[in-house]
Every structure is written in C-alpha cells, then in structure tokens.
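This report concerns only the one structure given below.
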Amino acid sequence: MQATRSPFSSSIAYILIALFAAALLCPETCCLAWGVAGHSLSNNLAIDCLPDELRPIYQANRAWITRHSIDPDEWRRDNFAAESPRHFVDLDADGPDGARGYPADYWTAVGLLGKAAVDRNGTVPWRIAEYYGKLVRAFRSQDARAVVEISTWLGHYVSDAHVPFHATVSYDGQLTNQRGIHSRFEVGIVEQLIKPSDLQPEAAIVIKEPATAAFEWARASLALCPAILAADKQAILRDADFGINYYTEFGKGARPIAIRRLEQSAQATASLWMSAWIDAGRPARLASVDVHSGEPLEKPTRDPDLQNARPEKPQPK
C-alpha cells in the first residue's frame, strides 16, 4: 500500500491561503495549538496518506476537511471548561519521570492520581479514543456525513497530540523564561517557513489501541521540547524583537521538527481513519460526494457534546 499525493487543486490552495490569512487576524485561536495553518496542513495531507479504496470519500470532501480542521478550537468559546483539557496532556505534571509511567487507561490514571488531577493534566489521548469509537460507528452505519465530520475533528485532536508544547506543563516556556514559544513554534514557524509542498505523505498503518498510540505521540512530543527551546534561545540572541532574523535563526533548528511533526500527525490521522474503517468491517466504499454540498463552506459547527451550561472562560492554554 503506497501513499500518493493527490493533485493539489487550486481550490484547496486558495482555502489554505485564506486560512493562513485568517490566522494572522485571529491570534486567540492560533495560540491554542498548531493554529489554523498547521491543522489545515495536517488534515489536508492525511487524505494523501490513505489507501486507494478509502480515499475517494475524503478526496470529495477535502475542502471541508481542511477548512473545518480547527472546529474543536472554535468550540472552546462556548464550552471552555469541558473542551480545553481535551487538547493536551501534561505528561510531566509530576516531574520528568512521570511521562514514562502515565497510564494509558483513563480509570487507571484516575485511581492513581485522582480524577481532578487527571482532568487538569489534560485528556487528549482519551478524546482521540472517544472520537475513534464514534468514527467506527459512523462507518458501520455508512453515514457519509458523520464519517466526514468525525474524521475532521478526530484529525484536530491527533494533531494536538503531535504538538510538543501540548505535552508539558511549561506549555508556553514559562519554566525557562521563554514565554511566547508556544505561538512562535506552532504558528510563526508554520506560517512563515512551511508551505504545503514541504510536506510528504506517508502510508497509513493499522492502529490497534488509539489511546496507547496517542500517549506514544505525546511522549515523542515532550521529548522534542528541549531542542525547540534551545533553538529559541539561540535565535533570541540574534534578534530579541522576534523579527525576520529571529525566525531565520529559529528555523534552522525548529523548522525540521515542525515539518516532521506535521507529517507524522497526518500519517497518524489517516491511520486512525483507516483503522476505524477496518474495525467497522470494511464497509462498501462510500459514495464520493461532497456531503456538505449547497452549504457555505464557512458554516460553523457545534460541539456535539456541548452541555447547556456556559462556564466562565479562564485563561486559555
């Protein structure tokens, strides 16, 4: 099974350019994760990682899957207290050694650490497992619209698990006095130094345990933080105003990491899409139609798990 790059249509290029521009105008959303550009690049590339028998339904909905890759970040505005922890997992909350022994089973972790601590540390691995289960059920029912939407949102959470600073308590460099590193790496590097043609698809693989896999992705993310922080320190010596000279220097160490994590994120996303299809019994190929045809591409979505309560919004991570 080989991953092949689909032709990069002008419409998708336009969407990505528009999303990149929106990122510059929407710093609140962008500081939450990869930002608009990174999530869009990852979900778009994931389609090219799929096997031929599964790709058509995703290809037909590429524009929606790319544009709505940031929806879970938008949901935070309405349900911040519940949604926010679903985007990260602080593996080093109990010290550097805690990452190795963090339980992949939610209730085992609760038994060891307490529910409040587990939820405070972040729950993205279990959110990934939850949405994986939803995708399996959507495939079984051959609900094309649900498959497209759940796949899109699952890709967001998978991408978050591949963000280095979504695996550490020092998510914005506060423990090393490097505040702002979150955005400089995940938004600045991606928007200024990475374009779609820099990314290469890798064939999807079967994943048996989504939560366990998500913890592996998060551990790999955490391990990359020191190198990014070191590159940031070196770049600040050259340009403390974070201008072009800063990013030229920072990019030497950080750009290859960002590219690789985006590629790995895309492969992991496609792997879960494919694995869910397999777990559903390999249902017949879904019709290759745009399931949102006739709807404005920008039409907002609603968190399917949204509660009636609208809690006060704390400081975002």
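Tabulated results
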read-out	value
Out of Ala230, Ala220, Ala284, sole residue that is farther than 26 Å from Gly95 by Cα and out of contact with any helix residue (DSSP H, G or I) (no Cβ under 6 Å at 6 or more places or on another chain)	Ala284
Lone qualifier among Leu272, Leu262 - being assigned to a helix (DSSP H, G or I), modelled with pLDDT of 95 or more, in contact with a Ser or Thr (Cβ under 6 Å, 6 or more places away or on another chain) and crowded, with 18+ Cβ neighbours inside 10 Å	Leu262
The listed residue being surrounded by fewer than 24 Cβ atoms within 10 Å (Cβ to Cβ) and closer than 20 Å to Asp305 by Cα, out of Glu74, Glu53	Glu74
Count of residues meeting criterion [basic (Lys, Arg) and in contact (Cβ under 8 Å) with a residue 12 or more places away in the chain] in the range 226-261	4
Residues satisfying the stated conditions in the range 194-219, i.e. touching a residue at least 40 places away in the same chain (Cβ under 8 Å), not in a loop (DSSP other than H, G, I, E, B) and not aromatic (Phe, Trp, Tyr)	Pro196, Ser197, Asp198, Pro210, Ala211, Thr212, Ala213, Ala214, Ala218, Arg219
Test for Glu191: is it under 21 Å from Val124 (Cα atoms), of a type in the set (Asp, Glu) and crowded, with 16+ Cβ neighbours inside 10 Å	no
Cβ pairs under 7 Å, 6+ apart, first in the range 95-110 and under 15 Å from Ala220 (Cα atoms), second in a loop (DSSP other than H, G, I, E, B)	Gly98/Leu91; Gly98/Asp92; Ala99/Leu91; Ala99/Asp92; Tyr102/Leu91
Of residues in the range 114-130 being in contact with a helix residue (DSSP H, G or I) (Cβ under 8 Å, 6 or more places away or on another chain) and without any contact (Cβ under 8 Å) to a residue 60 or more places away in the chain, the one nearest to Ser151 (Cα to Cα)	Arg127
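The values are calculated or read from the model by the stated rules, or taken from the named source; none is laboratory data. On a predicted model such as this, the values are computed, not experimentally measured, just so you know. Cβ: placed from backbone, ideal geometry, glycine included. Neighbour counts: every protein chain shown.
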